[in-house]
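> I have a structure here, written as structure tokens, and I will follow up with some questions on it.
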Amino acid sequence: MIRADSIDNLKNNLDIVDIISQFLELKKSGANFKACCPFHGEDTPSFVVSPSKQIYHCFGCGVGGDSIKFVMEYEKLSYPESLEKLATMCNIDLIYDNQTNKQDTKVLEEINKFYQKLFNQNESTQQYIKSRGISDFSIEKFEIGYAPKSQDTINFLKTNFLNLSDAKEMGVIDRGTNGLYSRFIERITFPIYSISNKIVGFGARTITGHNAKYINSPQTKFFNKSKLLYGYNLAKEHIYKMNQIIVTEGYLDVIMLHQAGFNTSVATLGTALTKDHLPLLKRSEPKVILAYDGDKAGINAAFKACVLLSQSEFNGGVVIFKDGKDPADMVKDGKIEELNSLFNSSTNFIIFAIDFIVAKYDIQNISQKQKALIEVNDYLKSLNILYQDEYKKYIAQKLNIRESLIKIDLIKSRQLETNVNQIDIAELCIIKTVLEKKERLKQVLTIVDSSMFEIHKKEFELLINEPDNQSLNLILLNESLENYDDDRLKNELLILLLRFYTNQLNIIQHKEELLFKDKVLLIRKIKDNIKQLKSGKLINYNLIS
Ligand SMILES: [Zn+2]
């Protein structure tokens with residue numbers, strides 16, 4: 001753990017303009033700096049960096065935050081990782097609570113070096129790897145190794161004074177009835193790295209005919225195979241640049257695809273693609289290409305992944321490798337062009353899923369067709385309304401039925417309608433003015449209440465409850481909103497209040513359940529308020545309640 005005072009020290013030394021300009025070209029614009037947003041494609045800069053507020057905000061896609069948040073998003077790092085990165089960039093030493101965190105993966109690093117050394121001494125493993133077409137360069141790039149007999153690994157740990165309980169905790173060894181044993185025995189090893197380039201485990205393939213062809217490290221505090229993707233650490237930058245990620249099913253596929261120049265390739269670790277993988281995939285919003293085997297298991301896995309990805313609104317498609325070929329074989333056979341055109345003509349997730357469902361039924365048979373319609377319609381309804389509308393036609397064609405038989409989910413469409421943003425410039429300017437000078441909040445609160453804001457009630461409530469909430473930066477940094485001086489603020493508040501009390505008057509005059517006596521009293525109060533406002537006097541909010 002990095003100590004809190006050490007984090008504070010780092011924060012005090014960060015300048016957001018310095019930091020961001022190491023990643024982007026910033027141009028001065030008034031009191032702020034601007035750039036084209038790195039998080040969404042654009043030609044005109046809407047990414048604003050404010051040196052006085054030490055924050056950034058994009059008016060195009062809504063991202064925003066401080067220096068730490070920027071490094072987290074831009075470099076795809078976790079919070080502590082981005083602190084470490086910033087500390088290096090600014091030449092500041094971080095102080096850790098205890099040093100164990102840094103030590104944790106040391107045993108994995110050492111054992112990985114040991115396995116690599118053994119690989120280079122072992123003829124038969126080298127032969128196997130070469131027979132798969134893997135080059136010396138790739139062997140080094142992917143740090144392919146060889147895990148020896150169990151006792152050799154234990155001896156290595158002992159003679160190098162590596163902490164055995166760390167080794168156990170990191171899944172290198174375990175304790176059985178006959179004492180310690182190595183988890184990887186006589187296997188080719190593929191180290192698995194976290195996105196921050198820290199070794200967290202291994203995948204391992206037998207070469208002596210063990211029952212399980214491939215095994216992985218067990219679950220540890222760093223190794224969760226449902227979240228990690230093999231090769232992501234090496235592919236990360238290319239994924240960003242190319243805006244694309246190829247997801248395969250095997251270690252060798254990744255290695256061979258990289259070898260052929262498909263540098264955005266990664267693999268799941270012997271598991272299906274799960275919900276837990278999505279945050280990693282979402283990071284740079286790339287186009288996702290699933291490269292799966294053409295056997296039954298591969299196609300089923302592809303279908304499940306398509307459903308998952310289309311429901312989460314990923315863009316991309318599937319490539320199925322037929323005739324028992326996989327991407328690794330194709331690279332080995334030199335079919336690079338063919339691979340290229342396969343990846344370029346992937347089948348859209350939604351089309352793949354619809355085809356998969358329909359193919360389960362004999363649609364010449366009416367009752368089967370009915371079942372197909374129900375199942376495919378259920379899937380359609382799980383998608384965003386725009387996709388529902390788009391693919392309705394495709395389903396109708398596919399099943400040869402009228403489009404009106406396919407139902408779309410109106411709840412989703414209603415959600416979409418209310419998302420349409422209405423804005424009120426005056427209300428936003430009042431909020432901005434308070435944000436600029438937060439001392440004003442107290443004074444403003446004696447006069448207005450959030451119910452007086454017609455459009456931006458939520459934002460005003462946020463201003464009251466969490467004035468430092470980052471989503472308010474959207475207002476704070478919006479240059480088309482004015483920052484009022486005190487006189488203008490008073491004027492605008494008068495207008496806001498007049499509008500509010502005039503509405504109130506209208507409502508109360510038509511309220512039938514009020515007693516006549518109360519009604520008269522209230523109307524008099526409101527009319528008096530309006531009179532005072534018209535004479536330019538701000539009144540306290542609680543007068544009418
Ligand atoms: Zn943006």
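> Evaluate the following for GLU25: is it charged (D, E, K, R), within 16 Å of the ligand (Cβ to nearest atom) and open to solvent by 50 Å² or more (accessible area, probe 1.4 Å)?
Yes; evaluated as a whole, the condition is true for this residue.
> Then there is this: Which number in (1) free of Cβ contacts under 8 Å to residues at least 40 places away in the same chain; (2) touching a Gly at 6+ places or on another chain (Cβ under 6 Å) marks the one condition that GLN470 misses?
(1)
> Would you confirm, using the coordinates I've provided, whether ASN163 is modelled with pLDDT under 95 and within 30 Å of the chain's Cα centre (by Cα)?
no
> Scan the range 153-173 for residues that are over 27 Å from ASN233 (Cα atoms), in contact (Cβ under 8 Å) with a residue 12 or more places away in the chain and not polar (S, T, N, Q) and jot them down.
Of everything in the range 153-173, those that are over 27 Å from ASN233 (Cα atoms), in contact (Cβ under 8 Å) with a residue 12 or more places away in the chain and not polar (S, T, N, Q) turn out to be ILE154, PHE156, LEU164.
> Going by the structure shown, is CYS37 in contact (Cβ under 8 Å) with a residue 24 or more places away in the chain, open to solvent by 50 Å² or more (accessible area, probe 1.4 Å), near the ligand (Cβ under 10 Å from one of its atoms) and not assigned by TED's automatic domain parsing to the domain that holds LEU474?
When the stated conditions are applied, CYS37 does not pass them.
> I want to confirm something. Restricting to the range 26-37 and keeping residues that are in a loop (DSSP other than H, G, I, E, B) and at pLDDT 90 or above, which single residue is nearest to LEU280 (Cα to Cα)?
CYS37
> What are the pairs, 6+ residues apart or on separate chains, where a residue within the range 63-86 that is within 17 Å of LYS227 (Cβ to Cβ) and outside the structural domain of HIS40 (by TED's automatic domain parsing) has its Cβ under 8 Å from a residue that is among the β-branched types (Val, Ile, Thr) and more than 16 Å from the ligand (Cβ to nearest atom)?
Short answer, once both residue conditions are applied: none.
> Select from the range 474-516 the residues that are closer than 16 Å to SER535 by Cα and surrounded by fewer than 17 Cβ atoms within 10 Å (Cβ to Cβ) and list them in ascending order.
Listed by number, the residues that qualify are ASP487, ARG488, LYS490, ASN491, ILE495, LEU498, ARG499, THR502.
> What are the residues in the range 135-150 that are of a type in the set (Asp, Glu) and exposed (fewer than 15 other Cβ atoms within 10 Å of the Cβ), if any?
ASP136, GLU140
> Tell me whether the range 46-58 contains one or more residues that are over 22 Å from ASN473 (Cα atoms) and either in contact with a Lys or Arg (Cβ under 8 Å, 6 or more places away or on another chain) or touching a residue at least 12 places away in the same chain (Cβ under 8 Å) (or both).
No: zero hits.
> Ok, one more. Are any of the residues in the range 323-338 of a type in the set (Lys, Arg), loosely packed, with under 13 Cβ neighbours inside 10 Å and on the phi < 0 side of the Ramachandran plot?
For the range 323-338, residues of a type in the set (Lys, Arg), loosely packed, with under 13 Cβ neighbours inside 10 Å and on the phi < 0 side of the Ramachandran plot: absent.
The values are calculated or read from the model by the stated rules, or taken from the named source; none is laboratory data. It should be emphasised that the depicted structure is a prediction, and the values quoted were computed from it without experimental measurement. As a convention, Cβ positions derive from the backbone with ideal geometry for all residues, glycine included, and neighbour counts pool all protein chains shown. SASA here: full protein model, heavy atoms, side chains in, ligands and nucleic acids out. Shrake-Rupley method; radii C 1.70, N 1.55, O 1.52, S 1.80 Å.
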